[in-house]
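What follows is one structure encoded as structure tokens, with my remarks underneath.
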Amino acid sequence: MIPGAFEFHAVNTVQEALKLLNAHEDAKIIAGGHSLLPMMKLRFAEPTHLIDINGIPSLKGITEEGDSLHIGAMTNENELIRSELLQRRCPLLVEVAKLIADPQIRNRGTIGGDIAHGDPGNDHPAVMMALDAEFVIQSEQGERVVPANGFFLGTYWTGLEDGELISSIRVPAFSADTGFGFHKLKRKTGDFATAAATVVLRLQGDRVEHIRIAMTNVGPCAFRAEAAERILLGNSPSDALIEEAALAVQSACEPVKDLSGDEEYKAAMAAEMMRRALHDALQTAGATA
Ligand code: FAD
């Protein structure tokens, strides 16, 4: 339970962090430390250089640029919860952050770390996919912007390359008619999700004109339930159609059996989380039925 030896570097600029990342092959960034330190204590991760990016002011804070919200990668969960801007322009993120871990972890754990870690149990990856978010990634070679959809490749495996860090996250701000829902089953406070579902949608009349359904902890990584989306898109969401979509979610899941339940239970719970999130999304979008 004691990590291997490492050299600690506290940096004040992104450039310093990138230089160190490039100079040391087995260097790792440390943000809130709430995923990395447990991995180090178990010796699943053994970086010999830790680059602490907590002292970089440009990586913190939330701003509005046109219809886009820019969230610094080092913004922690409590800052997301307290953000008046997010409460107004992307309340989904506030609701999600409230259900992550416990108050102490929310005070240190960052949105960038949650995304970069690639843990299928982390909530932000699926939420980012449902929001059509983009990640701003920096390296010594420059900057690239990548969509959340396509970034999560497998368990602890993302599109981040060696020598790169996530500097910010861009989220399209909600319009007045954006519907959203997030439901997460967990056994107790502080647990990761047994299964969670995020739904973002817009209606035109009583028909679904835009929909994203994304799932947490019921596959090797966060994923979009695209078959379920196709069932609902362009249609009026009747009870029968919602049931069809829920069954499509259930069959798309590939959960791992553990102390929270077996594969069949988790897939059924994922479908139920989707039903509830969809119901909330329809209500917040102003559906009349
Ligand atoms: P760190 O632990 O510092 O880093 C994690 C990884 O990301 C490391 O590999 C690091 O090098 C890399 N990294 C960090 N920041 C960047 C960056 N800007 N660019 C590139 N790479 C970077 N999370 C949930 O979503 N939902 C939960 O329900 C939940 N429950 C939890 C329960 C417990 C008991 C614990 C210990 C954690 C839980 N977490 C949960 C995870 C928690 O939210 C972590 O804080 C989060 O996964 C990682 O964020 P961090 O800032 O602590 O990152």
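The values are calculated or read from the model by the stated rules, or taken from the named source; none is laboratory data. No experiment lies behind these values; they were computed from the predicted model shown. In this analysis, Cβ positions are derived from the backbone assuming ideal geometry, glycine residues included, and neighbour counts consider all displayed protein chains. The accessibility values were calculated without ligands, DNA or RNA, using every heavy atom of the protein model including side chains. Shrake-Rupley method; radii C 1.70, N 1.55, O 1.52, S 1.80 Å.
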Inset, instruction - Can you send over the solvent-accessible area of SER58, 1.4 Å probe, protein chains only, in Å² to the nearest 10? - result: 90
Legend entry - Within region 218-238, backbone nitrogen closer than 16 Å to the virtual label 7 Å beyond the Cα of ARG202 toward Cβ: 233-235
Inset, instruction - Using a 1.4 Å probe and counting only protein heavy atoms, arrange GLU95, GLU25, GLU7 so the residue with the most accessible area comes first. - result: GLU25, GLU7, GLU95
Inset, instruction - For the chain, find the longest principal axis of its Cα atoms and tell me its angle to the long axis of helix 14-23, 0 to 90°, nearest 10. - result: 70
Inset, instruction - Take the alpha carbon gyration tensor of region 148-289, find the square roots of its eigenvalues, order them as a ≥ b ≥ c, and report rounded if a/c is under 1.5; if not, report prolate when a/b exceeds b/c, else oblate. - result: oblate
Legend entry - Estimated inter-spin distance, GLU46 and GLU84, nm [label 7 Å along Cα→Cβ]: 5.1
Inset, instruction - Would you list, by chain and number, the lysines whose Cα falls below 22 Å from the Cα of LYS257, excluding same-chain residues fewer than 8 positions away? - result: LYS184, LYS186, LYS188, LYS266
Legend entry - Label zone at ALA23, where the point sits 7 Å out along the Cα-to-Cβ direction: region 39-64 residues whose backbone N lies under 14 Å: 49-52
Legend entry - Inter-site label distance for HIS210 and LEU37 at 7 Å from Cα along Cβ, in nm: 4.0
Inset, instruction - Rank these by accessible area, largest first, 1.4 Å probe: VAL218, VAL145. - result: VAL145, VAL218
Legend entry - Dipole of region 11-96, positive direction: furthest Cα of LEU42, ALA31, ASN12, with charges on the beta-carbon: LEU42
Inset, instruction - State log₁₀ I(q)/I(0) for the chain at q = 0.09, 0.15 Å⁻¹ as given by the Debye formula over alpha-carbon point scatterers of equal weight, solvent excluded. - result: -0.43, -1.13
Legend entry - Separation in nanometres of the label points that stand 7 Å from Cα toward Cβ, at LEU233 and VAL256: 3.1
Inset, instruction - Report, ordered by chain and residue number, the lysines lying within cross-link reach of LYS19, taken as a straight Cα distance under 27 Å and ignoring same-chain residues fewer than 8 apart. - result: LYS28, LYS41, LYS60
Inset, instruction - Could you order HIS124, HIS49 by accessible surface area, starting with the largest, using a probe radius of 1.4 Å? - result: HIS49, HIS124
Legend entry - Relative contact order (%) - the chain, alpha-carbon pairs under 8 angstrom, separation at least six: 15
